[in-house]
Amino acid sequence: MNIQLQQKLTLLPDAPGCYIYKDENNEILYIGKSKCLKNRVKSYFTGKQIGKTARLVRQIRDLELIITSSEKEALLLEMILIQKYQPPFNIQLKEGQSYPYIKITNEKNPHIEVVFEAKQDGAHYFGPYPGRYSARQTVELIEKLFPLCRCDGKPGRPCLYYHLGLCLGPCQAEIEPAVYQAQIQKITRFLEGNVKDVKTKLTLDMQAATEKLQFERAAELRDTIQAINETIEKQHIIFPGLKNRDIIGCYEQDNYLSVFVFFVRNGAINGTKWHVFEIQKSLQEDLADFINQFYQDPNNIQPKELLISEKLAKMSLSVPLQKAISFPQKGGKKHQINLAVENAKSTYIAYAKMKEYDFENQLKNT
């Protein structure tokens, strides 16, 4: 370890922020964040490191810090810096935020799967979901409740999934399109949070199985009800009773507009996206342009309801958006809008710190 780095390690602040590790060529190796920079940064250089961390530490020749006012601001700054500089030792945030979706394919014998990109291919997409595990759990539950196709769909010998009741069985006999459509409608209602009827039916079936002394069947139904509670009803619930909604907050400062979007699905904040850009025309015009472009991307599935913090002329938005938008001024929806605005402000502050860091580095290199 060189003397410069040793000196910096003795001056670490007990404060939140981001740390930036550089190599001998002054290239960024890794960017991290912490609520206590002093403890976090020192941990890299004390004790024995293994694997990727050991390789990283061996290459570190310099350290830079960006102090923030809160842990949340540090998190946002970390995301912005990583997406800008693409450090080689950063893995998870390197490509930006990517959320999984549940897809029902558009084919003769549709099947259900987890994907990380929504395309304009005629398929049904649901999401985004907070993570791969959450989406996979939900798919496994749907495959039990509302089976579609789990095989190649070629008539002949029935597949194992058909015998287990997890495939409608195009391998056994051709399935009418109306049958698939009915299942897809049930899946859609289920993923939109309409689980009460399903749970009621499962509970009645469980009671009937118990009365008939079919205890294994009763246990299976009990486990399915529990799975619904865990994957649908208790999946990071933030707004009880709320179904599918996007909440857009914006914050303006120094002729920059920061936009922060919450994706709320079944009462859960399943994902977020943010964007900071310089205002070219006016706040209202640029925000309307941003929202129109945002929902042209197939990965940003428009929900039934869209809350926006800034009052916009409806005619400035596309027709589908005009039917969904509202501009709450009071009550619970206004509270949700305020939360999005608060995050938009924090994002701008983090973005401004990144710009300041860029400027200081430019001065060093001149």
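Is it the case that L12 is aliphatic (A, V, I, L, M) and part of a loop (DSSP other than H, G, I, E, B)? If you could, list the steps in order and put the result at the bottom.
Numbers: aliphatic (A, V, I, L, M): yes; part of a loop (DSSP other than H, G, I, E, B): yes.
Answer is yes for this residue.
What do you reckon, is L321 under 22 Å from the mean Cα position of the chain (by Cα), over 23 Å from L75 (Cα atoms), outside the structural domain of A118 (by the TED database) and not β-branched (V, I, T)? If you could, list the steps in order and put the result at the bottom.
Working: under 22 Å from the mean Cα position of the chain (by Cα): yes; over 23 Å from L75 (Cα atoms): yes; outside the structural domain of A118 (by the TED database): yes; not β-branched (V, I, T): yes.
Answer is yes for this residue.
Report yes if A178 is more than 19 Å from N244 (Cα to Cα) and either in contact with a helix residue (DSSP H, G or I) (Cβ under 6 Å, 6 or more places away or on another chain) or in a loop (DSSP other than H, G, I, E, B) (or both), otherwise no. I'd like the intermediate steps shown before the answer.
Details: more than 19 Å from N244 (Cα to Cα): yes; either in contact with a helix residue (DSSP H, G or I) (Cβ under 6 Å, 6 or more places away or on another chain) or in a loop (DSSP other than H, G, I, E, B) (or both): no.
No; evaluated as a whole, the condition is false for this residue.
Can you find even one residue in the stretch 209-222 that is under 14 Å from the mean Cα position of the chain (by Cα) and either modelled with pLDDT under 70 or open to solvent by less than 20 Å² (accessible area, probe 1.4 Å) (or both)? Reasoning before the result, please.
To start, the set of residues in the stretch 209-222 that are under 14 Å from the mean Cα position of the chain (by Cα) comprises none.
Within the stretch 209-222, not a single residue is under 14 Å from the mean Cα position of the chain (by Cα) and either modelled with pLDDT under 70 or open to solvent by less than 20 Å² (accessible area, probe 1.4 Å) (or both).
Out of all the residues in the stretch 112-125, which are open to solvent by 30 Å² or more (accessible area, probe 1.4 Å) and not in a loop (DSSP other than H, G, I, E, B)?
Applying the first criterion (open to solvent by 30 Å² or more (accessible area, probe 1.4 Å)) to the stretch 112-125 yields 113-114, 116-117, 119-122, 124-125.
Listed by number, the residues that qualify are E113, V114, H124, Y125.
Please identify the pairs in which a residue from the stretch 104-115 that is more than 17 Å from F190 (Cα to Cα) has its Cβ atom under 6 Å from the Cβ atom of a residue that is among the basic types (K, R) and crowded, with 18+ Cβ neighbours inside 10 Å, counting only partners at least 6 apart or on another chain.
If the second residue must be among the basic types (K, R) and crowded, with 18+ Cβ neighbours inside 10 Å, the pairs left are V115/K103.
Just to be sure before I move on: is I269 at pLDDT 85 or above and aliphatic (A, V, I, L, M) in the structure I sent? Outline the logic, then answer.
Working: at pLDDT 85 or above: no; aliphatic (A, V, I, L, M): yes.
No, not satisfied.
Being closer than 13 Å to F146 by Cβ, open to solvent by less than 50 Å² (accessible area, probe 1.4 Å) and out of contact with any strand residue (DSSP E or B) (no Cβ under 7 Å at 6 or more places or on another chain) is the filter here; which residues of the stretch 189-208 pass it?
Hits for the stretch 189-208 are F190, V195, V198, L202.
Taking strands (runs of 3 or more DSSP E) that do not extend beyond the stretch 15-111, which have at least 1 residues that are surrounded by fewer than 16 Cβ atoms within 10 Å (Cβ to Cβ)?
Working: elements: 17-22, 28-34, 62-67, 101-104.
Output list reads 62-67.
Any idea which residue in the stretch 126-164 is least open to solvent (accessible area, probe 1.4 Å), counting only those that are outside any helix (DSSP H, G or I) and basic (K, R)?
From the stretch 126-164, those outside any helix (DSSP H, G or I) are 126-131, 146-159, 164; that's our starting set.
So of that shortlist, the ones also basic (K, R) come out as 150, 154, 157.
Numbers: R150: 71, K154: 140, R157: 215 Å².
The qualifying residue least open to solvent (accessible area, probe 1.4 Å) is R150.
The values are calculated or read from the model by the stated rules, or taken from the named source; none is laboratory data. As the structure is a prediction and not an experimental result, all values here were calculated from the model. Because the Cβ atoms are built from the backbone with ideal geometry, glycine has one as well, and the counts that use them run over all protein chains shown. In case anyone asks, the SASA skips ligands and DNA or RNA and just uses the protein heavy atoms, side chains included. Shrake-Rupley method; radii C 1.70, N 1.55, O 1.52, S 1.80 Å.
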